[in-house]
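Report on the following structure.
The values are calculated or read from the model by the stated rules, or taken from the named source; none is laboratory data. Treat the numbers as computed from the prediction; the structure is a model and nothing was measured. Cβ: placed from backbone, ideal geometry, glycine included. Neighbour counts: every protein chain shown.
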Amino acid sequence: MRGVVMHAPGDVRVETREDPEILLPTDAIIRLSATCVCGSDLWPYRGVEAVKGPSPMGHEYVGIVEEVGGEVRNIKPGQFVIGSFFASDNTCAICRAGYQSSCVHREPVGGLGAQAEYLRVPLADGTLVATPDVPSDDLIPSYLAASDVLGTGWFGAVAAEVGPGKTVAVVGDGAVGLLAVLAAKRLGAERVIAMSRHEPRQKLAAHYGATHIVTERGDDGVARIKDLTDGLGAHSVIEAVGTQESMMQAIRATRAGGHVGYVGVAHDVELPGEELFFSHVHLHGGPAPVRRFLPELIDLIATRQIDPGRVFDLTLPLDEAAEGYRAMDERRAIKVLLNP
Ligand SMILES: [Zn+2]
């Protein structure tokens, strides 16, 4: 089969890889209907994370089940399924508490390489959720968004305790930030402030329910949020970048007693203890337990109540993955869908 392999920062190739096979009786093999490039794939692409030799890439996937192992009970060949970036059993105490991305048996899917024609999914019964029917093609981008960016934005909003009557600010205008705006709106926020200086992204944020756009960053951005909230800060702030600046911007834009939901993968973030102590801000976040939200998100997409697939503003054949990485790296595209 064909699949994306990163050899070094900036060096992404589509190569012939071995077809995946059932290795454990809890595995499933899926034929991918669509896959995509993640903002987090840019960390190794830019050399911020080390690339340890040729690495299969990709952890976002939807597709048709081809084959299942002997112990798989609920997932069946022919179903259209969605999974997320950690395989999980969905039965352990941590999973039952809703933290499937910290499952005691979790396995990262990224190492298996979902930017490919086929994928082996471990713990298929716990990891995969089937849609009601095999969907029409126009719904596939939205289901693919549910695999990571929608589920992650949704978790950010839940972790930030978004709810009716609240003012919510979103730091970050990538796909996760934009879909956190969608989540905040769906969860009943009264005002949603998107922080973005890029016009196409501002427009999409408005489409998803942003009531205000703030273009300033850092301390100036914090000052604008305070201006909009009687000097108090937002009730809920979703951090969807993962840098020192964005994290401090999120904490400082939150009012005392408010909540930060942080879902940008942290890189060299160090929090000042004394400032945190006196801020009275709740912090919750981490790798999103997307599996917790998949049944609800699938229902919202199947009934066309939400359209998260609009974050894909560039679609390429899998063979042109290198151009997809370049387009995202240069911010020419918000998110790139790859057709296997
Ligand atoms: Zn578990």
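Going by what's in this entry, would GLU60 be described as surrounded by fewer than 18 Cβ atoms within 10 Å (Cβ to Cβ), more than 16 Å from the ligand (Cβ to nearest atom) and in the same structural domain as SER136 (by the TED database)?
It is false that GLU60 is surrounded by fewer than 18 Cβ atoms within 10 Å (Cβ to Cβ), more than 16 Å from the ligand (Cβ to nearest atom) and in the same structural domain as SER136 (by the TED database).
Could you list all residues from segment 282-324 that are part of a helix (DSSP H, G or I) and of a type in the set (Phe, Trp, Tyr)? Don't jump to the end; show me each part of the working.
Going through segment 282-324, the residues part of a helix (DSSP H, G or I) turn out to be 290-302, 308-311, 318-324.
Matches in segment 282-324: PHE293 only.
Yes/no per residue for (1) assigned by the TED database to the domain that holds ARG332; (2) over 13 Å from ALA124 (Cβ atoms); (3) touching a strand residue (DSSP E or B) at 6+ places or on another chain (Cβ under 8 Å); (4) away from the ligand (no atom under 16 Å from the Cβ):
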{"site": "ALA28", "(1), (2), (3), (4)": "yes, no, yes, yes"}
{"site": "LYS52", "(1), (2), (3), (4)": "yes, yes, no, yes"}
{"site": "PRO56", "(1), (2), (3), (4)": "yes, yes, yes, yes"}
{"site": "ALA93", "(1), (2), (3), (4)": "yes, yes, no, no"}
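SER101 is checked against (1) within 16 Å of the ligand (Cβ to nearest atom); (2) part of a loop (DSSP other than H, G, I, E, B); (3) in contact (Cβ under 8 Å) with a residue 24 or more places away in the chain and fails just one. What number does that condition carry?
All conditions are met except number (2).
So GLY98 fits all but one of (1) within 20 Å of the chain's Cα centre (by Cα); (2) of a type outside the set (A, V, I, L, M, F, W, C); (3) crowded, with 19+ Cβ neighbours inside 10 Å; what number is the exception?
Of everything listed in (1) within 20 Å of the chain's Cα centre (by Cα); (2) of a type outside the set (A, V, I, L, M, F, W, C); (3) crowded, with 19+ Cβ neighbours inside 10 Å, GLY98 misses just condition (3).
Go over the candidates ALA159, ALA114, ALA87 one by one and state the one that is over 24 Å from ARG304 (Cα atoms), in contact with a strand residue (DSSP E or B) (Cβ under 6 Å, 6 or more places away or on another chain) and either within 14 Å of the ligand (Cβ to nearest atom) or without any contact (Cβ under 8 Å) to a residue 40 or more places away in the chain (or both).
None of the others qualify; the one that does is ALA87.
Where residues in segment 66-98 are small (Gly, Ala, Ser) and part of a strand (DSSP E or B), which of them is farthest from ARG291 (Cα to Cα)?
Of all residues in segment 66-98, those small (Gly, Ala, Ser) come to 69-70, 78, 83-84, 87-88, 93, 97-98.
Those left that are additionally part of a strand (DSSP E or B): 83, 87.
Working: GLY83: 7, ALA87: 9 Å.
Only one residue fits best here, namely ALA87.
Residues checked against (1) in the same structural domain as VAL162 (by the TED database); (2) under 26 Å from ARG310 (Cα atoms); (3) surrounded by fewer than 19 Cβ atoms within 10 Å (Cβ to Cβ):
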position: LEU179; (1), (2), (3): yes, yes, no
position: LEU182; (1), (2), (3): yes, yes, no
position: PRO200; (1), (2), (3): yes, yes, yes
position: LYS203; (1), (2), (3): yes, yes, yes
position: ALA206; (1), (2), (3): yes, yes, yes
position: HIS212; (1), (2), (3): yes, yes, yes
position: SER236; (1), (2), (3): yes, yes, no
position: VAL241; (1), (2), (3): yes, yes, no
position: ARG252; (1), (2), (3): yes, no, no
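Select from segment 73-84 the residues that are surrounded by 17 or more Cβ atoms within 10 Å (Cβ to Cβ) and away from the ligand (no atom under 16 Å from the Cβ) and list them in ascending order.
ILE75, GLN79, PHE80, VAL81, ILE82
Based on what the data block shows, is ASP173 out of contact with any helix residue (DSSP H, G or I) (no Cβ under 6 Å at 6 or more places or on another chain), in a loop (DSSP other than H, G, I, E, B), among the charged types (D, E, K, R) and over 25 Å from SER55 (Cα atoms)?
Taking the combined requirement at face value, the residue does not satisfy it.
So which pairs qualify, if the first residue must be in segment 320-334 and small (Gly, Ala, Ser), the second must be assigned to a loop (DSSP other than H, G, I, E, B), the Cβ gap must be under 7 Å, and the two must be at least 6 apart or on different chains?
ALA321/GLN115; GLY324/VAL37; ALA327/ALA333
Just a yes or no: is a residue in segment 127-145 outside the structural domain of VAL109 (by the TED database), in a strand (DSSP E or B) and in contact with a strand residue (DSSP E or B) (Cβ under 6 Å, 6 or more places away or on another chain)?
no
Of the residues in segment 63-72, how many are touching a helix residue (DSSP H, G or I) at 6+ places or on another chain (Cβ under 9 Å) and surrounded by fewer than 16 Cβ atoms within 10 Å (Cβ to Cβ)?
Result for segment 63-72: 1.
Tell me which helices (runs of 4 or more DSSP H) are completely within segment 180-281 and hold 1 or more residues being among the small types (Gly, Ala, Ser) and within 18 Å of the chain's Cα centre (by Cα), or say none if there are none.
199-207, 244-252
Determine if segment 33-50 includes at least one residue that is assigned by the TED database to the domain that holds LEU294, closer than 17 Å to ALA322 by Cα and without any contact (Cβ under 8 Å) to a residue 60 or more places away in the chain.
For segment 33-50, residues assigned by the TED database to the domain that holds LEU294, closer than 17 Å to ALA322 by Cα and without any contact (Cβ under 8 Å) to a residue 60 or more places away in the chain: present.
For segment 47-88, how many residues meet the condition of being over 18 Å from the mean Cα position of the chain (by Cα), at pLDDT 95 or above and over 18 Å from PRO108 (Cβ atoms)?
17
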